[in-house]
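Here's the structure we're looking at; comments come further down.
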Amino acid sequence: MIEFRSVRKTYPDGTTAVDDFSLVIPSRSTTVLVGSSGCGKTTLLRMINRMVDPTSGVVAIDGDDVAAVPAVGLRRRIGYVMQNSGLLPHRRVVDNIATVPLLTGVPKAQARARALELMDTVGLDRGLAQRYPSQLSGGQQQRVGVARGLAVDPNILLMDEPFGAVDPLVRNDLQDELIRLQRDLGKTVVFVTHDIDEAFKLGDQVVILKKGGEIAQQGTPAEILADPADDFVARFIGAGRGRRALRIEQTPTGPVVVDGDGRAAGVLTGPVPVSPAPAASELPSEAAASPEDVAGASAQGGGTR
Ligand SMILES: Nc1ncnc2c1ncn2[C@@H]1O[C@H](COP(=O)(O)OP(=O)(O)OP(=O)(O)O)[C@@H](O)[C@H]1O
Ligand SMILES: [Mg+2]
């Protein structure tokens, strides 16, 4: 569990980025901080791994004030996926992913073997391992960033607009991938975005921020959608644009709540039934998940008439 207790951050030039911010971030779930540019999201995220120290107040991990933990050690055991991927341009993909393990003294061969496994985890072809970041597409670069964040097998993963720089389709794939990963890994994910659709899709808990890190509302996507706290939240989530006409759509990664415009508005929380994966030939047509599968099923049906 990560706790912010009455945290304030005033930068040396006098800018107060965050003022009296308190929040509890539960373990093993995804909390999304969402708000407009400059509202203090990156500042808040960086206070968790001490890249920024608060001017006053306490940030605690599992009850321990992070101010008492050496910053370098803390940063090395907390995964951090930076705004704009933050890859090292002169290092190959495999070594970018292995950066922190190499820094902490893991032998090179072992760190690289682990990096290759992580490429599988985030859906990157191992054939890309020897390329430099500039030789990858934007979406591939973002996946490398996620793999690097996971390389130390952290309990906590901080993600700062990790999918900001890609087109909507690739972004959607990356989001689906993160939902799948999180189901398998169960990390404490703190995810920053300015995109409310992304926040509702990924967050177990969504925290909508105003300037100065003021919390406009926090809750599950369903709670916020059902009962926006004020006009600011209502405008921010686009209520009044038909956004409440929610329905559930099956996706490859499970049920997603979508709004009247077909945009993702959240995911269903609670236990997901676990059953052994059937062989493809045993799949009933109702289990078809992708549009191609659905199209295939109906084409087959048409052929028997
Ligand atoms: N090092 C710094 N020195 C002075 N002011 C800063 C510094 N870093 C951030 N700020 C200011 O603090 C405020 C919050 O910045 P922050 O980077 O946390 O916002 P953000 O919500 O992450 O924005 P964005 O969505 O644009 O990334 C802004 O007004 C910003 O200009
Ligand atoms: Mg930022």
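The values are calculated or read from the model by the stated rules, or taken from the named source; none is laboratory data. From a predicted model like this one, the values you see are computed outputs, not experimental measurements. With ideal geometry, Cβ positions are generated from the backbone for all residues, glycine too; neighbour counts draw on all protein chains shown.
Based on this model, can you work out whether residue 60 counts as part of a helix (DSSP H, G or I), more than 19 Å from residue 217 (Cα to Cα) and more than 16 Å from ligand 2 (Cβ to nearest atom)?
It is false that residue 60 is part of a helix (DSSP H, G or I), more than 19 Å from residue 217 (Cα to Cα) and more than 16 Å from ligand 2 (Cβ to nearest atom).
Considering only residues that are within 16 Å of ligand 2 (Cβ to nearest atom) and at pLDDT 90 or above, which ones fall in region 163-195? Write out each step before concluding.
First, the residues of region 163-195 that are within 16 Å of ligand 2 (Cβ to nearest atom): 163-165, 190-195.
Listed by number, the residues that qualify are 190, 191, 192, 193, 194, 195.
I'm checking my understanding of the structure. Among residues of region 150-174 that are part of a strand (DSSP E or B) and in contact with a helix residue (DSSP H, G or I) (Cβ under 6 Å, 6 or more places away or on another chain), which one is farthest from ligand 1 (Cβ to nearest atom)? Talk me through it step by step, then tell me what you get.
Taking region 150-174 first, the residues part of a strand (DSSP E or B) are 156-160.
Checking the rest, the ones that are also in contact with a helix residue (DSSP H, G or I) (Cβ under 6 Å, 6 or more places away or on another chain) come to 157-158, 160.
Values: 157: 17, 158: 12, 160: 7 Å.
Applying the filter and picking the extreme gives 157.
Name the residue that is surrounded by the fewest Cβ atoms within 10 Å (Cβ to Cβ), counting only residues in region 194-227 that are in a helix (DSSP H, G or I), touching a residue at least 60 places away in the same chain (Cβ under 8 Å) and among the hydrophobic types (A, V, I, L, M, F, W, C).
Of the residues in region 194-227, the ones in a helix (DSSP H, G or I) are 196-202, 211-213, 221-226.
In the following step, the residues that additionally are touching a residue at least 60 places away in the same chain (Cβ under 8 Å) were identified as 196-202, 211-213.
Cutting the leftovers down to among the hydrophobic types (A, V, I, L, M, F, W, C) gives us 196, 199-200, 202.
Details: 196: 22, 199: 28, 200: 27, 202: 27.
Across region 194-227, the extreme among qualifying residues is 196.
Could you tell me whether any residue of region 127-140 is at pLDDT below 90, within 16 Å of ligand 2 (Cβ to nearest atom) and surrounded by 15 or more Cβ atoms within 10 Å (Cβ to Cβ)?
No.
Look at region 43-57 and say how many of its residues are more than 16 Å from ligand 2 (Cβ to nearest atom), outside any loop (DSSP other than H, G, I, E, B) and at negative phi. It would help to see each step written out before you state the result.
Step one: filter region 43-57 for residues more than 16 Å from ligand 2 (Cβ to nearest atom), giving 50, 53-57.
Then keep just the ones that are outside any loop (DSSP other than H, G, I, E, B); that gives 56-57.
Going one step further and asking which of them are at negative phi, we end up with 56.
Within region 43-57, residues that are more than 16 Å from ligand 2 (Cβ to nearest atom), outside any loop (DSSP other than H, G, I, E, B) and at negative phi number 1.
Filter region 20-42 down to residues that are in a strand (DSSP E or B) and surrounded by fewer than 17 Cβ atoms within 10 Å (Cβ to Cβ) and give me whichever is modelled with the lowest pLDDT.
Step one: filter region 20-42 for residues in a strand (DSSP E or B), giving 20-25, 30-35.
So of that shortlist, the ones also surrounded by fewer than 17 Cβ atoms within 10 Å (Cβ to Cβ) come out as 20, 22, 24.
Numbers: 20: 95, 22: 98, 24: 98.
Out of the qualifying residues, it is 20.
Which one of the conditions (1) touching a strand residue (DSSP E or B) at 6+ places or on another chain (Cβ under 9 Å); (2) under 21 Å from residue 188 (Cα atoms) does residue 70 fail to meet, given that it meets all the rest?
(1)
Among (1) more than 23 Å from the chain's Cα centre (by Cα); (2) assigned to a loop (DSSP other than H, G, I, E, B), there is one condition residue 83 misses while meeting the rest; what is its number?
(1)
Could you grab me the full set of residues in region 88-110 that are modelled with pLDDT under 95 and crowded, with 16+ Cβ neighbours inside 10 Å?
Matches in region 88-110: 99, 100, 101, 102, 106.
Please work out which residue is surrounded by the fewest Cβ atoms within 10 Å (Cβ to Cβ), limiting yourself to region 43-59 and to residues that are within 20 Å of residue 33 (Cα to Cα) and more than 21 Å from the chain's Cα centre (by Cα). Explain how you work it out, then say what you get.
Step one: of region 43-59, the residues within 20 Å of residue 33 (Cα to Cα) are 43-54, 57-59.
Then keep just the ones that are more than 21 Å from the chain's Cα centre (by Cα); that gives 53-54, 57-58.
Details: 53: 12, 54: 22, 57: 17, 58: 16.
Checking each candidate, the answer is 53.
What residue, of 145, 127, is in a helix (DSSP H, G or I) and within 16 Å of ligand 1 (Cβ to nearest atom)?
Criteria check complete, one pass: 145.
Here is a list of conditions, (1) in a helix (DSSP H, G or I); (2) closer than 21 Å to residue 158 by Cβ; (3) within 22 Å of the chain's Cα centre (by Cα), and residue 117 meets all of them except one; can you say which number that is?
(2) is the only condition that residue 117 fails.
Take the residues of region 175-193 that are buried (at least 22 other Cβ atoms within 10 Å of the Cβ) and among the hydrophobic types (A, V, I, L, M, F, W, C): which is nearest to ligand 1 (Cβ to nearest atom)?
This residue is 192.
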